[in-house]
Amino acid sequence: MKLNLPQAAGPIGVFDSGYGGLTILNKIREALPEYDYFYLGDNARTPYGTRSFEVVYEFTLQAVKKLFEMGCHLVILACNTASAKALRSIQINDLPHLDPKRRVLGVIRPTVESIEKLTKTNHVGILATIGTIKSESYPMEIHKLFPNIAVTGEACPMWVPLVENNEMNNEGATFFITKNINALLSRDELIDTLILGCTHYPLLLSKIKQATPEHINIVSQGEYVANSLKDYLRRHVEMDDKCTKNGQTVFFTTEAVEKFTESASLFLDEPIEAHRIIIE
Ligand code: DGL
C-alpha cells in the first residue's frame, strides 16, 4: 500500500525492539553529532529475539512505516534480530511500494565488513539472540565477503533479560556469560574474535571480558555501524540532503514513558524526555 509520506527533510530514524539500540545510537551520535535523530523503541513488544520471522518482520515493518510517516528518509535497524529477520524483505519487497527513494539499513553488514581485519586465525564466534543465530544471517553475510572464515554461533537467551532487569553485575550474569562463552569456545578452539551480535551485550562487556581468554578480540558493533553510516552519507549526498542537522534527538517508545525514561538511563549519560507512540 502506498503511504502519503512527508517529503521535507527529517531526522534519521533509529529503531530497536527496546533499549539495546541506544548503544548503537550513542556511537552514531558520537560520529555524527550534527544530525537529528528519532529513536523508536518497541518496548511494549520486546524482546524480539525469541519471536518468529513473521512476527519480527511485521513489527519491524510497522516501525519503519511509522518513522517514514514521522518524516525520516533513512532508518537504521539498530537491532540484530530485526536486521536478521526483516531487513532484506523490507528492502526488496516493501521499499519499492512505500517510497523507492527512502532507505532502511541494518547493523549486521557493517559489523561483518570489519571482520577480516580483526581475525588472524580466520575463526570467529558470534554471540547473539536465538532469533539471530537461527536466521544464520551472520554466517551468510560473512561468507558472501569472506568464504574462508569459519563462523560458530552461540545463542545466549539469558543475556538480554539480564540487562533489561538490571542484573548485569550479579553472580547470575557471571554464570550465564561464562557458560555460553565456554560452550562457544569448546566448539572451535581456534576462535580469536568474538562478535557481540546483539545490541544489549556491550552493557555486559566487563563480565564478557572476564570470561574470555585474553588473546581473543571482543567486538562491539556500535563503532562499526556508526562509521559505516558516516561513509554512507558521504557517498549518498542526495540522502544526506534529506537529513536535518540541528544536533537533536527525540525518543519514542511504545511502552509507558516513565518506564522507558528510567531504564534508558542505564544506556545514556543524559536525562531524556520520551514520548509514547502506538505502532500498528
Ligand atoms: N535488540 C535485540 C538484538 O540486537 C535484542 C533484544 C531483543 O531480543 O529484542 O538482537
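The values are calculated or read from the model by the stated rules, or taken from the named source; none is laboratory data. Remember, it's a predicted structure, so these values are computed and weren't measured experimentally. Cβ sites come from the backbone with ideal geometry, for glycine too, and all protein chains shown count toward neighbours. For accessibility, only protein heavy atoms count, side chains too; no ligands or nucleic acids. Shrake-Rupley method; radii C 1.70, N 1.55, O 1.52, S 1.80 Å.
Yes/no matrix, rows are residues, columns are (1) open to solvent by 10 Å² or more (accessible area, probe 1.4 Å); (2) under 30 Å from ASP240 (Cα atoms); (3) modelled with pLDDT of 95 or more:
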| position | (1), (2), (3) |
| --- | --- |
| VAL124 | no, no, yes |
| SER135 | yes, no, no |
| HIS143 | yes, no, yes |
| ASN165 | yes, no, no |
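Would you tally the residues in segment 1-29 being open to solvent by less than 10 Å² (accessible area, probe 1.4 Å) and either under 12 Å from PHE68 (Cβ atoms) or among the aliphatic types (A, V, I, L, M) (or both)?
Summing the residues that are open to solvent by less than 10 Å² (accessible area, probe 1.4 Å) and either under 12 Å from PHE68 (Cβ atoms) or among the aliphatic types (A, V, I, L, M) (or both) in segment 1-29 gives 9.
Across segment 53-106, what is the total count of residues that are open to solvent by 50 Å² or more (accessible area, probe 1.4 Å), within 23 Å of CYS198 (Cβ to Cβ) and of a type in the set (S, T, N, Q)?
1
Is it the case, given these coordinates, that THR249 is touching a strand residue (DSSP E or B) at 6+ places or on another chain (Cβ under 6 Å), open to solvent by 40 Å² or more (accessible area, probe 1.4 Å) and either among the polar types (S, T, N, Q) or more than 22 Å from VAL64 (Cβ to Cβ) (or both)?
No, not satisfied.
Taking only segment 146-182 into account, find how many residues are part of a helix (DSSP H, G or I), out of contact with any Leu (no Cβ under 9 Å at 6 or more places or on another chain) and under 16 Å from ILE126 (Cα atoms).
Total satisfying the criteria: 4.
Being open to solvent by 10 Å² or more (accessible area, probe 1.4 Å) and away from the ligand (no atom under 16 Å from the Cβ) narrows it down to one residue among PRO147, PRO157; which is it?
PRO147
State yes or no: is GLU116 part of a helix (DSSP H, G or I), surrounded by fewer than 24 Cβ atoms within 10 Å (Cβ to Cβ) and under 16 Å from the mean Cα position of the chain (by Cα)?
no
I'd like the residue in segment 48-97 that is of a type in the set (D, E, K, R) and assigned to a helix (DSSP H, G or I) and, out of all such residues, is farthest from the ligand (Cβ to nearest atom).
Per the criteria, the residue is GLU69.
Can you tell me which residues in segment 200-217 are surrounded by 17 or more Cβ atoms within 10 Å (Cβ to Cβ) and under 22 Å from the mean Cα position of the chain (by Cα)?
Listed by number, the residues that qualify are HIS200, TYR201, PRO202, LEU203, LEU204, LYS207, ILE208.
Restricting to segment 189-216, what's the tally of residues that are more than 19 Å from ILE24 (Cβ to Cβ) and not in a helix (DSSP H, G or I)?
Total satisfying the criteria: 11.
Of all the residues that make up segment 261-277, how many are more than 19 Å from PRO202 (Cβ to Cβ) and open to solvent by less than 20 Å² (accessible area, probe 1.4 Å)?
Selection size over segment 261-277: 1.
Would you check if SER228 is open to solvent by 50 Å² or more (accessible area, probe 1.4 Å) and in a helix (DSSP H, G or I)?
No: the conditions fail for SER228.
For THR193, work out the one condition from (1) surrounded by 19 or more Cβ atoms within 10 Å (Cβ to Cβ); (2) away from the ligand (no atom under 16 Å from the Cβ); (3) farther than 25 Å from ASN227 by Cα it doesn't fulfil.
All conditions are met except number (3).
Would you be able to tell me the number of residues in segment 1-29 that are without any contact (Cβ under 8 Å) to a residue 60 or more places away in the chain and part of a helix (DSSP H, G or I)?
Summing the residues that are without any contact (Cβ under 8 Å) to a residue 60 or more places away in the chain and part of a helix (DSSP H, G or I) in segment 1-29 gives 0.
So, in segment 30-47, how many residues would count as being open to solvent by less than 50 Å² (accessible area, probe 1.4 Å) and either away from the ligand (no atom under 14 Å from the Cβ) or part of a loop (DSSP other than H, G, I, E, B) (or both)?
10
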